[in-house]
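S.K.: One structure is given below, represented as structure tokens, and several questions about it will come after.
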Amino acid sequence: MDFTRKSNIRKKELLDRIRVIPGASNKQKFCVKSVFMKQGDKWTYLIGKCSIDDGKQSASEAKYIGFHFFTSIFETSIIKLIEQFYESYSFHTDMPELIFSENAYWEEDLIPSHVAKTAYPIRSYTSEIFSANSFNDTKLIGYDAEFHPSAKDYIQGFLNLSGSLGHRDAREGAFLIELEDVRGKISTTNKTLSIDTKDETLRVVGKVNKEDALLLQYSDTKSIEEFLNAELWLLNEQEEVFDYISSSEWPHIFVSQDDGRETNKFGLIISEGEGSSCEFKPYLSLQENRNSKIEQIAKTVCAFSNASGGNLFIGINDGAEIEDITAFLRKDYSCDANEAVKMYITDLKKALKENLTQDNCFTVHPEKIFSKRVVVVSVTQVVDINSVRSERQAYVRKGATSMKMLPEEMQSQNKNLIF
């Protein structure tokens, strides 16, 4: 059951859910950022986001080859702003109008306070406004604009998106609305657990550090010396979740910054999602379709090594969910899990050394992340250009994508390509 996400929200319910957030009907300043991309000779909407203005933004636009970025400032209530977008809004005469369809469905996601960059949790509302537009990562080059080596990385930063904007990302073609919900949050200040709220009916239920079940009421506090893992949920009487701290709830998983274990280190990387230095793959059997599976892994390792390095996690699906690979290993190697892991790693190392021209840029090691077994390929940057032998092709990481390295990129790095 999904406690933090609600789907299939139409216009009326969207406005009703937003109205209960304090200040929703008051005049405020909002920052709306939108990205358009060129397809053929026409501009099309790519992605946009509305959030409360932090006072550091101003209206602006930046034009690149194939991309156009807009920042607009509105002083109104969020209710009126949404209604305006349902009628239509034009950012530029050359760009298509932004218009919310009356039949559009919205999804609400609760971004907990320990992840949100605001003081309180964020209510995020997302809807596909245009048909999803996917694109291969590219450089951003503009006559009057600052150069950026990765469009996807820049878009992620421009919109302040949580997680990487990857090639599988459903947010492409979507519009996001993010609102701070000040009705309540779970506070962990000074190693003390409490509820920050004016609503005396709110309760915290759950566990901390695998202790007995916890129930925290309005004025209660609990001293916590170590905060290593948690399942804490802030609810009202109608069992609506207002905030949470969870060591298992993706994608906003809680990982203690103070805990130096490898589990924690990799948990932090995973929680950021796929990007320029991180990729997930489900279990890839080296017994079935061996060459195809090895090429997938080799291409990613090659791309990381020709960029700034990274980590490839085997045993994590596209949704950043950890899928314990123990059962797959036992099936493939017909032995106990520990021995099967060793054999899998030996096979993988051997295959990568055979398939990469630079074979000293990676280590392969088993990890238990949140009690689930995965295999991690950690990659470092190479001196000369790395390539995949079977394809006689070099790859480089750009955003969340491994792309073929262009001749001019090899020349610009002044490196040698070895086959």
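All of the numbers you see were taken from the coordinates with simple rules; none came from a lab. All values derive from a computational prediction rather than experimental measurement. Methodologically, a virtual Cβ is constructed for each residue, glycine included, from the backbone with ideal geometry; neighbour enumeration extends over all protein chains shown.
S.K.: Counting DSSP beta bridges with both partners in the chain, what percentage is antiparallel, nearest 5?
M.R.: 90 percent
S.K.: Next up: For a test of the definition: using alpha carbon positions, the gyration tensor, and the 1.5 limit on a/c, classify the stretch 209-327 as rounded, prolate or oblate.
M.R.: Prolate, because a/c is 1.5 or more and a/b exceeds b/c.
S.K.: Report the FRET efficiency, 1/(1 + (r/R0)^6), for LYS404 and ASN289, where r is their Cβ-Cβ distance and R0 is 25 Å, rounded to 0.05.
M.R.: Result of the calculation: an efficiency of 0.65.
S.K.: Could you work out how far apart the two model spin labels at ARG10 and CYS335 are, taking each label as a point 7 Å from the Cα in the direction of the beta carbon, and quote it in nm?
M.R.: Here the answer is 6.0 nm between the modelled labels.
S.K.: Okay, moving on. Distance in nm between label sites at ASP2 and HIS92, each 7 Å beyond Cα in the beta-carbon direction?
M.R.: Distance between label points: 3.4 nm.
S.K.: Classify the stretch 270-412 as rounded, prolate or oblate from the Cα gyration tensor: take a ≥ b ≥ c as the square roots of its eigenvalues, call it rounded if a/c is under 1.5, otherwise prolate when a/b beats b/c and oblate if not.
M.R.: Taking the square roots of the gyration eigenvalues as a ≥ b ≥ c, the stretch 270-412 is prolate.
S.K.: At 222 nm, what helix-only mean residue ellipticity would the chain give, in deg cm²/dmol to the nearest 500, using -39500 (n - 2.57) for each DSSP H run of four or more?
M.R.: The helix-only estimate for the chain comes to -6500 deg cm²/dmol at 222 nm.
S.K.: Right, here's the next one. Please work out how much length the chain gains when fully extended from TYR105 to LYS198, using 0.36 nm per residue of separation minus the C-alpha to C-alpha distance, in nm with one decimal.
M.R.: 30.3 nm
S.K.: Next question, about the same structure. Please give the Cα centre distance for the stretch 379-410 versus the stretch 297-342, rounded to the nearest Å.
M.R.: Comparing the Cα centres of the stretch 379-410 and the stretch 297-342, I get a distance of 21 Å.
S.K.: Among all the lysines, which ones have a C-alpha under 30 Å from LYS56's C-alpha, if same-chain residues fewer than 8 places away are not counted?
M.R.: LYS27, LYS29, LYS33, LYS38, LYS80, LYS117, LYS139, LYS152, LYS185, LYS198, LYS398
S.K.: While we're here: For PHE147 and ASN317, calculate 0.36 nm times their separation in residues minus their Cα-Cα distance, and state this gained length in nm to one decimal.
M.R.: Residue separation times 0.36 nm, minus the Cα-Cα distance, leaves 57.9 nm.
S.K.: Looking at the chain, I'd like the Rg to Rh ratio, where Rg is from alpha-carbon atoms and Rh is Kirkwood's inverse mean 1/r.
M.R.: Rg/Rh for the chain comes to 1.00.
S.K.: Taking 0.36 nm per intervening residue step and subtracting the Cα-Cα distance, what contour gain separates GLN84 from LYS63 on full extension?
M.R.: 5.0 nm
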